[in-house]
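Please treat every number below as a calculation from the coordinates, not as lab data. What you see is a predicted model; the values in this text were computed from it and never measured. Ideal geometry is used to build each Cβ from the backbone, glycine not excepted, and the neighbour counts take in all protein chains shown.
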Amino acid sequence: MKFMASQTNEGIQDVEKLVREYQMVQEQLRAATMQLDQLQNQKAELKRANEEIGTSTGKVYITVGGVIIETTKEKALSDLKERSELTEVRLSSMTRQFSEFKAKEEKLGEKLTQMYKQSQGGGS
């Protein structure tokens, strides 16, 4: 590296701090990705359930706390609508959070690349 001794220690500490932050953001991004997948699967499952109940002509059952009980078609559709709306809100929030993590990851990645290039003597 082309740093003086005191600059080297500060530079190394800055890089280490940046790398830790980058790794933390990557972990947050992975967690957000998993949550997004779960919410998208839940949304699809609720949509399928809504379609099935909508075309149903027989009895309708729902699961409550691990117990299956009979309910009305209207109650089941109302419950699905409520759960779908909640899932949409959570999905929207998680999508926004994912975008923020992704932007932060890109910014930190660019900064790390720039620091690396500077340490190699090719910096700007």
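For this structure, a couple of remarks:
- Placing a label point 7 Å from the Cα of Glu21 along the Cα-to-Cβ direction, the residues of segment 94-124 with a backbone N closer than 15 Å are 101-116.
- The alpha carbons of segment 72-124 stretch over 73, 10, 7 Å along the principal axes, in descending order.
- Among Gly66, Ser84, Leu18 - extreme Cα towards positive end, dipole of the chain, charges at beta-carbon: Leu18
- Computed over the chain, relative contact order equals 38 percent, with contacts defined as Cα pairs under 8 Å that lie 6+ residues apart.
- Both radii come from the Cα set of segment 8-59: Rg as radius of gyration, Rh as Kirkwood radius; their ratio Rg/Rh reads 1.54.
- Kirkwood hydrodynamic radius over Cα pairs of the chain, then Stokes diffusion coefficient at 10 °C and 1.306 mPa s, in µm²/s: 86
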